[in-house]
Amino acid sequence: MWRKIILFSVMVILTSVIFAAPVTIQFWHAMGGTDRIQLLQNLAKEFMQQNPDIKVDVQYTGSYTDTMTKMIAAVRAGNPPDLVMIYDIGTQMMIDSGVIIPIQNMIDKDPTFDINTLVSASRGYYTVGGKLYSLPFNSSNPVIFYNKTLFEKAGLNPNNPPTTFEEFMADAQKLTVKDSSGNTIQYGFTFGSGEPLAWFFEQFMAVQNALLLNNNNGRDGRATKAVFANEAGLRIFNFFNDMIQNGSAINAGPGWDNARQIFISQRAAMLITSTSDVNMMVKAAKSGNFSLGVMFLPHPSGVPYGGVIVGGASLWMVNTHNTQREEATWKFLKFLESVDAQIQWSTGTGYFPVNKNSIIKLMYEGYYAQNPPYLVTVLQLLMSNVTPATSGGVTGAFPQIRIAVNDAFGKMFTKAMTPQQALQWAQDQANQAIANYNSLY
Amino acid sequence: MKKSQKKILKTILIEIALIAVSIIILLPIFLALTMSLKRPSEVFVYPPKIFPDSFYVQNYISAFNSINLGRLMLNSLIMSIAIMVGKTIFGIFSGYAFSNFKFKGSSLLFAALFVTLFMPAEMIMIVPLFQIMQSFHWVNTYWALTVPFLASATTTFLMRQHFMTIPKELEDAAKIDGAGPMRFLFEILVPLSKSTIGGIAMINFVYAWNLYLWPLVVTNSNNMATAQIGLKMLTNVESTSNWGVIMAGTLMVLGPTLILFFAVQKLFVRGIITTGLKE
Amino acid sequence: MSRKIFPYLLLIPTFLIVVIFIYYPAFQTFKLSFYKMSPFGNRLFFVGLGNFWSLFTSGQYVQSAYTTLIFVTVTVVAGLTISLFLALLLNQRVPGIGIFRTLIFAPYAVSPAVAGTLWAFLLSPVAGYVSYLFLVLFKSQPQWLTSYPLALIAVMIATIWKNLGFNIIFFLAGLQSIPQSYYEAATIDGANASSRLFKITIPLLSPITFYLIVMNVTFTAFSAFATIDVMTQGGPANTTSTLIYKLYQDGFVNFNTGFASAESVILILIMTVFTYLYFKFGQKAVFYQ
């Protein structure tokens, strides 16, 4: 009898040792594009080689909004992943979701993670009420790409790009070319409307160090009002509207691609877009036989320069009530933020590294010397002052605000409203959306 | 002699018209085709270039390999065929019930079904539907991909509309011959309705093949993902995508549908099937 | 088997699916239309008719209803007319007809999002193919995607194009079930091509036409959001935002479940009225052999 019991116990212990199931964590991300999917898979593979007891299940879950939809369905059915990538403007919704673990909690428990290695601007964006909620992963900001060859043709100095709104508008007009029948065959400036345009608006507010929302952009307490219908906001509306109405800029339509197409095909001399495009812009300039320049966002003259806001997405840890899985997730997160992982990610995609040491290492290796456009994208961010305005706004109503701002631009471009009216209308819409969201909490 | 010449002339005119119409309609797809054969650097040149410099087949290879498109297409095929078969057969049954039988509550039941035509189903119901899947333990299985779509008002409504155009005399004759309602359906109605059934099967297939948001929400692994999710995987967020590869993927995903349609359209040959009694 | 219960048996599979997977979720949606809910569902407040009130008092929603009416009417009428013409052409027995049918069907097989992408490429300002063509041929540069009403027209064209295959399939199937003998008899009576079309073909196609009208209304009113999203995102200034696009935005961009549910309920109510009208008057207008 005893022998049987002992034998049985030994077997149980043996099997549990041999078959100690490695812990599996689910990671959902929105990084489409063949290279990026591969890059993330490879990073996970590398991590699993270093940590054979952890299995990372990397799952592509559609666009940012698709990922949010899937996340909501999963949370409501009680089966969320361990780690999920959520876009910048989803920050407040995630904080309010009640299912996440603020990254700050993990950092406070783990002395091996130095929070100061995070690029201040990225860290600032995801810090609300003094607490870091998620880890930035793919960070970007907007820059203006310009065609140096066309600058030269127009008699402008390609190495002295405009820095103020006024210079920018004057140059845009000089860069506009019409054919004999009066059709514009080359525009000074182009941009995508829809979500990008609303994002640019937010950026130009930060450039003027102006807040979008009250309570210090919602960082000292829940934002209750939009505050962008002011001088600063009006300058931006006029900036875009003047160029559209005098024909020196072309609205490329919703999304990013049409505007890029116009710029790459050299039908426009300047383009505002995301820094994560730098990779493909450099290639396009090479094959299109023009010389590419990158400039900082211009600012209205006389207004002190603030900075730009970090865009992109961050990684959120979900509370699974399973310490083993949470620890494994945290380990994986630390790996993704490490110097080498960030270098792989950044050089492979065009997003800038969120680890300061990755930037330093890349610089010593001569990467930025060889690729000046990459330097500009990083510099613009590092030269930004970290203020509530440049940290960006947080509110759960952000998607509605973007729609309202873009609609307001449309109303202004089609002359249904004056810039002043459009701006005020957008703010009223934003206030309604904010009040509606806040009434839940 | 003269008559046959006239016929040839007519054929030529029709062919010309068909070619002209096809060119106009296919322009966007032709654009996709040429784009799929361009190098990344050729996609955005100005003036827009119609033909690529050389056939850059690499786009097809990288679209197929980078996302394991073969597996994804297989999943899509399993899902679409199951939905096509289920929807079509159940639709024939219920359409037949509404067109050829008088029974208590028939108009009420029909109205109850008809209303669901107008429910933007996958859109409004994702979350509650997903909760059902979770409680059935169907998440990440073929069940979740197929069962909720196995029957629809669309097919029922069409089959009813169609069966009502078939002369009642046929049914009376069949009854006299002693054929039961099931035999009448399969031996007379279905053969008479080949083209309509072919059409609806085709539509149901395309519907399932193009589902995107539901498969995305309900699958959690690349082994269960579908081709439409694969196409989305080819698209970059926040930066320019490689349009050559995306279009190559799009055309490959279009392939099975077009092959199937080419086979099915043979059913639309005018004048071969007759409506029996009326002639 | 008793003839009495037979039709019910035939209906079981369909109703089983519809009740579990459509009615039950629809009921949930109906319930949520009276609530305000946080995106993740952890906050839920009863607001009565509050969501409906907010929608009707926002000018945007009413404007979307108006846009939908124009969009659906033009798209369905133009789409069906073009499709009927094409179906008559494709119903001829000439060499290679199978290939032509497959080619003209092809747009239907394209997913709505891809259809939007292709048209956005063609109509892209300045650098797009159509824009370039207009510059060369007409010396003008219409801004297809960013001006009113061109943006709406562009979305209509893309939607009609996308739906051609669907309509043609069923017109072809309908044409095929018209007995050849009718035409022969009419020809003997001296009827010309156009009177054969209006006196025989169109009346006999009425059941299928009716089906197609219903399906096209459904499709353009309820499924065209992906195309709109890619081409115009409802712009410029909300002029291409239809009711379903608003619903999509509220449900899947803003994650405002209360609004999205209320909007669904409104759509279902509108269509219930149509259903009632159909049972009251519609059935008489359809000609059965």
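Every number in this text was worked out from the coordinates using simple rules, so none of it is lab data. Quick caveat: nothing in here was measured; it's all calculated off a predicted structure. Counting neighbours? That spans all protein chains shown, and the Cβs are built from the backbone with ideal geometry, glycine included.
Here are the numbers for the structure shown:
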quantity	calculated
Peptide B:136-144 - average C-beta neighbours from other chains (10 Å radius)	1
Over the protein assembly as shown: helical MRE at 222 nm, DSSP H runs n ≥ 4 each giving -39500 (n - 2.57), nearest 500	-18500 deg cm²/dmol
Greater than 20 Å apart at Cα, pairs in C:Lys162/C:Lys199; B:Lys104/C:Lys4; A:Lys286/A:Lys356	C:Lys162/C:Lys199; A:Lys286/A:Lys356
Dipole magnitude of region C:58-285 about its Cα centre (Cβ charges: Lys, Arg +1; Asp, Glu -1), debye to nearest 20	340
Cα gyration tensor, chain C - rounded (a/c under 1.5), prolate or oblate	oblate
Aspartates and glutamates with Cα under 17 Å of B:Lys3, excluding same-chain neighbours fewer than 8 positions away	C:Glu184
Chain A: C-alpha gyration tensor shape, a/c 1.5 cut-off, then a/b vs b/c	prolate
Degrees between helix A:419-438 axis and first principal axis of chain A (Cα, 0 to 90, nearest 10)	20
Loop-exposed chymotrypsin sites (Phe, Trp or Tyr not before Pro) per DSSP, neighbour cap 14 Cβ within 10 angstrom, longest uninterrupted part of chain C	C:1-286
On Cα atoms only, tilt of A:2-18 relative to the major axis of chain A in degrees	20
For the protein assembly as shown, with +1 on Lys and Arg beta carbons and -1 on Asp and Glu, the positive-most of C:Val230, C:Thr187, C:Asn91 along the dipole	C:Thr187
Using a Förster distance of 30 Å, the FRET efficiency for A:Asn385-A:Ala170 (Cβ separation, nearest 0.05)	0.65
Charge dipole magnitude, Cβ of K and R +1, D and E -1 - the protein assembly as shown, Cα centre, debye nearest 20	2700
Percent RCO, i.e. relative contact order, over region B:149-240, from Cα pairs under 8 Å lying at least 6 residues apart	21
Cβ-based charge dipole, region B:1-144, positive-most Cα from B:Gln131, B:Phe64, B:Ala111	B:Ala111
Selected from B:Trp143, B:Ala174, B:Val206, residue furthest toward positive end of dipole (region B:67-233; charges at beta carbon)	B:Trp143
Set of lysines near A:Lys415 by C-alpha distance (under 24 Å), chain-local residues within fewer than 8 positions excluded	A:Lys178, C:Lys246
Fraction of antiparallel bridges per DSSP, chain A only, in percent to nearest 5	60
Theoretical FRET efficiency, 1/(1+(r/R0)^6), r = Cβ-Cβ of A:Ser180 and A:Asp242, R0 25 Å, to 0.05	0.45
Estimated FRET transfer efficiency when R0 is 25 angstrom, pair B:Tyr142-C:Asn42 (beta carbons, to 0.05)	0.20
Peptide C:202-214 - average C-beta neighbours from other chains (10 Å radius)	3
Debye, to nearest 20: dipole size of chain B, +1 on Lys, Arg Cβ, -1 on Asp, Glu Cβ	820
Chain A - percent relative contact order, Cα under 8 Å, separation 6 or more	24
Cα gyration tensor shape of chain B, rounded if a/c is under 1.5, else prolate or oblate by comparing a/b with b/c	oblate
